[in-house]
1. For residue 87, are the conditions met, namely being modelled with pLDDT under 95, open to solvent by less than 50 Å² (accessible area, probe 1.4 Å) and of a type in the set (Val, Ile, Thr)?
2. Considering only the stretch 14-24, how many residues are over 18 Å from the mean Cα position of the chain (by Cα), crowded, with 16+ Cβ neighbours inside 10 Å and within 12 Å of residue 49 (Cα to Cα)?
3. Give the stretch 6-36 a look and list any residue that's out of contact with any Leu (no Cβ under 9 Å at 6 or more places or on another chain), among the basic types (Lys, Arg) and part of a helix (DSSP H, G or I), or say none.
4. Only one of (1) aliphatic (A, V, I, L, M); (2) surrounded by fewer than 16 Cβ atoms within 10 Å (Cβ to Cβ); (3) assigned to a helix (DSSP H, G or I); (4) over 15 Å from the mean Cα position of the chain (by Cα) is not met by residue 39, so which one is it?
5. Can you find a residue in the stretch 183-195 that is hydroxyl-bearing (Ser, Thr, Tyr) and either under 23 Å from residue 125 (Cα atoms) or outside any loop (DSSP other than H, G, I, E, B) (or both)?
6. Given the condition at pLDDT 95 or above, over 29 Å from residue 48 (Cα atoms), of a type in the set (Asp, Glu) and open to solvent by less than 40 Å² (accessible area, probe 1.4 Å), answer yes or no: does some residue in the stretch 131-152 qualify?
Amino acid sequence: MGNREDLLAGARRCLEEKGYLRTTVRDIASASNVSMAAIGYHFGSREALLNLALFAAMDEWAAGSGRLAGLGDTTEERYADTWDRKIRDFGDMRWLWTASVEAFVHAQSSPELLATLAEGQRRSRRMVAAQLRGVPEDAVAEEDVRALGSVHIALLSGVMVQVLTDPERAPTGRELAQGLRAMAELLDEPTRTDG
């Protein structure tokens, strides 16, 4: 590997071991066995390098999470199985999710990072809507991107926080599927008026 690749690999190791906010230029250089000056030369800043390493790890995870690939016979069972796999990932890859939350916090004072995260969120909405519909991303309806994709991303973030905060009481895939079904039933109920 060259210095650039060594730095990316070192930044990832630092994210895994120290997180986003506590990783320093010195940490990355040491983990990469490359000079600190090389970070500026290849990436411009510590933040730019950490962002690339974090986004690459997120892309790897997203590529592996795929469409509904559970073991159940029904769509609901496959959806629940898929969620169980994601929930395991949240625990197994705690470093990735903690680093992503730290990056979000840091982005509140970094307009460039905030814009990058917002763009990633827009792409994620389209990707998950396409996965859920079982169609290519370029064929997913804009309405599904805004509705289905947004709801799923909100659910993903909320479940991730629950798993990181209280893993013993975080919902299971089956509970999430049941909760979504119950919510849909509530939305289908006629409006009640007092009178």
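The values are calculated or read from the model by the stated rules, or taken from the named source; none is laboratory data. Computed from a prediction, not measured in an experiment: that's the story for all the values here. Every residue, glycine among them, receives a Cβ derived from its backbone with ideal geometry; neighbour counts consider all protein chains shown. Quick note on the areas: whole protein, heavy atoms, side chains included, nothing else; ligands and nucleic acids left out. Shrake-Rupley method; radii C 1.70, N 1.55, O 1.52, S 1.80 Å.
1. Yes: the conditions hold for residue 87.
2. Counting residues in the stretch 14-24 that are over 18 Å from the mean Cα position of the chain (by Cα), crowded, with 16+ Cβ neighbours inside 10 Å and within 12 Å of residue 49 (Cα to Cα) gives 2.
3. Those that are out of contact with any Leu (no Cβ under 9 Å at 6 or more places or on another chain), among the basic types (Lys, Arg) and part of a helix (DSSP H, G or I): 13, 18, 26.
4. Here residue 39 clears every test but (2).
5. no
6. yes
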